[in-house]
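Where a number appears in this text, it was derived from the coordinates with a stated rule and is not lab data. All values reported here derive from a predicted model rather than from experimental measurement. Virtual Cβ from ideal backbone geometry, glycine too; neighbours counted across all protein chains shown.
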Amino acid sequence: MVLEKEIGDILLENNWTLSIAESCTGGYLSHRITNIPGCSEYFIGSYIAYDEKMKIINLGVNEELLSKFGIYSKEVALDMAEKIRNKTNASFSLSTTGIAPPGDINSIEKVGLVYIGFSSKKSNKSIKLQLNCKSREDFKEMTAEKALEFLKKNLLD
């Protein structure tokens, strides 16, 4: 809870806003942000686009990116982050896409693969992680923690 409070303080001090597009974290990242009193001053909201169709129809992710790079890719994470930031007019946004345990039977990628996207008016960035988690709960918690660390680092850059 310390990390999300620090992020909230940075956003408040600078009059910045945040939105999130989540897939593999299923709302857990937004849950952490909204645990902080006063978060409505900087948190616009989130969209959970778990299914590929939801990413395309409601979030506006580019179908060609999904076809070319796959749902678990840097390119999709970046597009998700940029699309939610543009839709909400937020100062910053985050996105998550990855493979939670026990895995996706249709995927050739390894369980624990995660891409986190970050978008601002100045730049779009992503990180790739390979997490070693036994449970879906641990996977969501670890992904959310890494996403918050990535957000804080980029807010301070």
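Pairs over the 31 Å Cα-Cα cut-off, from the set K83/K153; K5/K68; K5/K53; K5/K110: K5/K68; K5/K53; K5/K110.
When the helices in the chain are scored as -39500 (n - 2.57) per DSSP H run of 4 or longer and the sum is shared across all residues, what 222 nm value do you end up with, to the nearest 500 deg cm²/dmol?
Computed mean residue ellipticity for the chain: -12500 deg cm²/dmol.
The alpha carbons of region 2-156 give a radius of gyration and a Dmax of 14.4, 45 Å, in that order.
Against the chain, whose longest principal axis comes from its Cα atoms, helix 2-14 is set at around 60 degrees. Output needed: percent of Cα pairs per 10 Å distance bin for region 105-157, bins running from 0 to the one holding the longest distance. Once binned at 10 Å, the Cα pair distances of region 105-157 give 22, 47, 24, 7.
Net charge within 13 Å of S123 by Cβ-Cβ distance, Lys/Arg positive one each and Asp/Glu negative one each, not counting S123 itself? Taking every other residue near S123 into account, the sum is +3.
For region 33-128, calculate the relative contact order in percent as a whole number, restricting contacts to Cα pairs under 8 Å that are 6 or more residues apart.
Details: 145 pairs, mean separation 22.1, N = 96.
Reported as a whole number, the value is 23 percent.
Helix 136-156 and the longest principal axis of the C-alpha atoms of the chain enclose an angle of approximately 50°.
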